[in-house]
Amino acid sequence: MQIDPLMTVSPGTGAIRHLTDDLLAEVYLAPFADFDIAAALGARPAPWSDSLDAAPEATARAVEAGLVAVARATSALDPREVGTGGLPDGRMRRHLEALLSLWRDLDALPEPLASRAHVLRSDAALALEPLVLLDPEPCAFADPSERSLRETLIRRHGLAPAPVLKAWRARQPARDGTAPGALGHLQAGLGRNAATTAIDETVACFGLRDPRDEADFAAALCQRLVDDGKVAGPQEIGLLVPEDRAYAIALPEAFDRIGMPLSGGQAQPACRDPAGEVLSLLLAILEGPAPRTALASLMVSPLMPWPRATGRAMAREIMDRGTSRTAKALDGPARAILDALRPAETPNRLFARLGQVAAALPEAGLHPRIGPLRAATTDTLDWRVLHRLAAPAPQDATGHDRFVEGVSLFPERAVPWRPVRQLVVLGLTGRRWPRPPGNDPVFTEGEIAAINAATGLVLPGRRTRIARGIELFRRQLCAATEAVTLLAPACDLRGDRLPVSTGLALIAHALGTEPGRMLRDLRSERPDTWPVRAHLPPAIPGGGAPALPPDGVMHLGSDLLRLREDAEGDRAPQSPSRLETLLVSPLAWLLDELDARDRPWAPEALDVLTLGAIMHRVLEYLFPEGTRSPDPREIASRVADALDRAIARDARWLAAPEWQTERDSLLREAHEVAAAWAAFLTETGAEVLHTEIELQGDPGGLLLRGQADCLLRLPDGRILVVDHKRSRATTRRDRMARGWDLQVALYRAMLERPGAETELTRLAAGGARIVTAYHTLRDATVLTDAQGTGLPGVEPAGEDASVNAMAALACLIKEVGGGTIRLNRADDAKRLQKECGITPYALKDNAFVTAFTMPASEDQE
């Protein structure tokens, strides 16, 4: 691939233009190329058929890249130019023949090769205007198709007059070394010879922290060069910039702050495709089951007919719970859109719902985007094709805003567009300067050499592509006539360390040193020794760590139990899980009360909570009210259906084909859990009275509300209140033995002072003995409080299973009721696990609680 772009000069006006692919197609009236490789691949056997079945899109891209490489390696862009008779039988020949056969059947190439092929086969008389080429020197890295196009245009339209070429070259950067000293040595010999020279004032290299540091330093350096008179103005400075979004954002901001213009940026910035984004999200939702991330993304789309704050609220609720309460209150066009977000099983339903959304969003322009989807659909829905057709097509940044007075921006993949006295190269770490070439998508390096030798093709190998990248970098350095400044960031914006780039290593080698020795790391120097003026913000005291009270107690001055209130203005009830959090970390409890929690947007995952909800629901379906002495065979026959119902209710996304392995595992677990629970019910003679029992009460004036999973009546009249736990009994047993189990005591407290009359409270008021129990599903164990003594198949705890937990909770309730929060200490997690048998989930993965953690207790150090 040639380094210098083709240039053309108008014989009449003398205007010089880049010979772009669009210009070439317009002048020769090239027809539109109908190139659909995906359809062609699906209709024919080929060596990559298995890969196509496993990964159709990736395989199609790889095959297209291989076809393009083979086409560019020909002079006439014609498959008949290639003969495979000289190749031995085997993988290499099969793949090349398959590519050539695909090319012949398609009878087309993707742009811009299609337009170039049209030009090569056309007559000069078809050209609407003469395309007189400016530069007669061919590039050593041009592929055969580029060389053929160049020769064809020169033969048909000729070359520019010598005076025009001379005047144009005088305005362009030199192609070989013209600078003095070490920079001139680099310009002349980088990547060409092994000669070395000593570094001097024409080459400087500085190490910065990251791209934003680089941008600020580059702006300050440009200002210093102007202030010191080393350049007459910003137009004599150039920036060689990586094609990286971090630099595209940071550089304009840095230069705006100092008031220095940049020349050569994009005339039109990149634009999103909001209509395509909405259509893609709609298809993901209507295909079902709707991913939470797709629903949430749709809620915050700028095209939606609700305020941005409403969209954010709905997105947050969807990511938290899978549904949105805010959405239920909407009407009008918003209600029409929300009502349409249901799975569509047939084409008629799909396009009816898409049309419903499009009608509710008239300004979004969805109707023209829906038409091609309908045209590609027959009697069934091919979701893969629909997703491909609806994919967003963002508009890339286009054009170049070039003017005389600004600092010149030179992109990474092109030669500079004008010479400068001082050149600043940014981003000399990582995978750039030059970027390492990827492997050929079809052939190995050995196969490429064999194909070139046997067929006459000129497929570029990795070595050729590396040489081209080094030569391009050398040509870019040639833009400077006096000095170059090299900037190397230590890490990217995420903080990941970056290795030295190949270009910096080559420069260091040419200067007889190593990158680490030639690089001046400004991070280790005082700002007053830097080559630019700098202002550093004062350091945050304590490195940003919060100032914690010496005794670890925060006094907030109000009843924290009233942070949440009900409709009547009273304290909102506390749940057992909230009080468990309070027992572990008052600060984590406070954050929950304030609803101040991290809400990462992540796809649905088969986590502990989801697994527990599914197994709870399976037991609810298999053992409904009235179940007594269940038949194991009858239960086993219903497990699969119960699991499907549970998934449909609590995790619809789990029904997708890609989750088949996980569903199989869940089915095995459900069979084991159901069989064990059926055996327990049979052994105890228990009858299922209710499932999902609401409990509430106000012991000691503290409003409580909770839910028990199952209510059993035993033959001796006792009532067993069961909480299913998808865990093993080891930790819970240890916790009860140490007197730190909280939930058992809270259940009993709600029964002793109920806040509402229920079937369970009526039983308790009638004198029934209430037993609270945990059923741990992973090992089929039933742990009860002391009232469960004598029951078959259970492990009763002592009377003091909750004595320590309730005493600690009473103290904490008094503290938070008085506005006091006691901070955790660094050793709390270990202490809770060791002394109380409590797994401190509230302390895990909570960065805010960690930031406000006191040092470990002195008696524990």
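Please treat every number below as a calculation from the coordinates, not as lab data. Keep in mind that what you see is a predicted model, and the values were worked out from it rather than measured. Cβ placement follows ideal geometry from the backbone for every residue including glycine, while neighbour counts extend to all protein chains displayed.
The convex hull around the C-alpha trace of the chain, projected and averaged over every direction, spans 48.4 square nanometres. Look at where the Cα atoms of the range 639-681 and of the range 149-165 average out, and the two centres are 74 Å apart. Projecting the Cα atoms of Pro269, Ala670, Cys710 onto the charge dipole of the chain, computed from C-beta unit charges around the Cα centre, puts Pro269 farthest toward the positive end. Reducing the range 733-752 and the range 273-338 to their Cα centroids gives an inter-centroid distance of 42 Å.
Normalised by the number of residues in the range 610-715, the mean separation of alpha-carbon contacts (under 8 Å, six or more apart) gives a relative contact order of 31 percent.
Considering only beta bridges that DSSP places wholly inside the chain, some 50 percent are antiparallel. Note on the range 111-150: Cα-only Rg and Dmax are 11.3, 30 Å. Couplings for the range 93-100, taken from phi via the Karplus curve 6.51 cos²θ - 1.76 cosθ + 1.60 with θ = phi - 60°, read 5, 4, 5, 5, 5, 5, 5, 5 Hz in order; Gly and Pro are left as x.
Stokes-Einstein D for the range 382-457 at 37 °C, 0.692 mPa s, Kirkwood Rh over Cα pairs, in µm²/s?
Approximately 181 µm²/s, per Stokes-Einstein.
Considering only Gly85, Ala648, Leu594, the residue lying farthest towards the positive end of the dipole of the chain is Gly85, judged by Cα position with unit charges set on Cβ. Computed about the Cα centre, the dipole magnitude for the chain is approximately 1600 debye when only Lys and Arg (+1) and Asp and Glu (-1) carry charge, each at its Cβ. Ranked for footprinting exposure by Cβ neighbours inside 10 Å, fewest first, Asp698, Asp339, Asp785, Asp723 give Asp339, Asp698, Asp723, Asp785.
Let's see if you can work this out: charge +1 on each Lys and Arg Cβ, -1 on each Asp and Glu Cβ, no other charges. What is the dipole magnitude of the range 274-390 about its Cα centre, in debye to the nearest 20? If you can, show how the numbers build up before the last one.
Details: 15 positive and 10 negative charges, 53 e Å.
Approximately 260 debye in magnitude.
The distance separating the Cα centre of the range 569-612 from that of the range 476-500 comes to 47 Å.
If each residue's Cβ is checked for other Cβ atoms within 10 Å, how do Ser637, Ser301, Ser802, Ser324 rank with the fewest at the top?
Details: Ser637 10, Ser301 17, Ser802 25, Ser324 22.
Ordered by Cβ neighbours within 10 Å, fewest first: Ser637, Ser301, Ser324, Ser802.
Evaluated with a Cβ-only charge set (Lys, Arg +1; Asp, Glu -1), the range 7-170 carries a dipole of roughly 600 debye about its Cα centre, given to the nearest 20.
Less than 5 angstrom separates the built amide H of Val424 from those of Gly238, Leu239, Leu240, Thr485, all sequence-distant by 5 or more or on a different chain. Whole-Hz Karplus values for the range 490-500 come out as 6, 8, 8, 5, 7, x, 6, 5, 10, x, 5 Hz, taken residue by residue from phi with 6.51 cos²θ - 1.76 cosθ + 1.60 and θ = phi - 60°; glycine and proline positions read x. Computed with the Debye formula from one identical point scatterer per Cα of the range 738-819, without solvent, the log10 of I(q)/I(0) at q = 0.13, 0.22 Å⁻¹ comes to -0.51, -1.10. Working note: Karplus 6.51/-1.76/1.60 with θ = phi - 60° gives the range 219-233 the couplings 5, 5, 5, 4, 5, 5, 4, 5, 4, 7, x, 6, 9, 6, x Hz, where Gly and Pro are set to x.
Sum -39500 (n - 2.57) across every DSSP H segment of at least 4 residues in the chain, then divide by the residue count to get the 222 nm mean residue ellipticity, nearest 500. That comes out to -13000 deg cm²/dmol.
The GluC sites (Glu not before Pro) of the range 696-770 that meet both conditions, a loop assignment by DSSP and at most 16 other Cβ atoms within 10 Å of the site Cβ, are Glu757.
Size check on the range 7-170: the Cα extents along the three principal axes, sorted descending, read 59, 32, 28 Å. Taken over the range 633-701, the convex hull of the Cα atoms encloses 152 Å³ per residue.
Look at the dipole of the chain built from charges on Cβ: of Pro372, Gly181, Thr464, the Cα furthest out on the positive end belongs to Gly181. Mean projected area of the Cα convex hull of the range 274-390, taken over all directions, amounts to 6.4 nm². Over the range 173-328, the hull volume per residue, using the convex hull of the C-alpha atoms, is 225 Å³.
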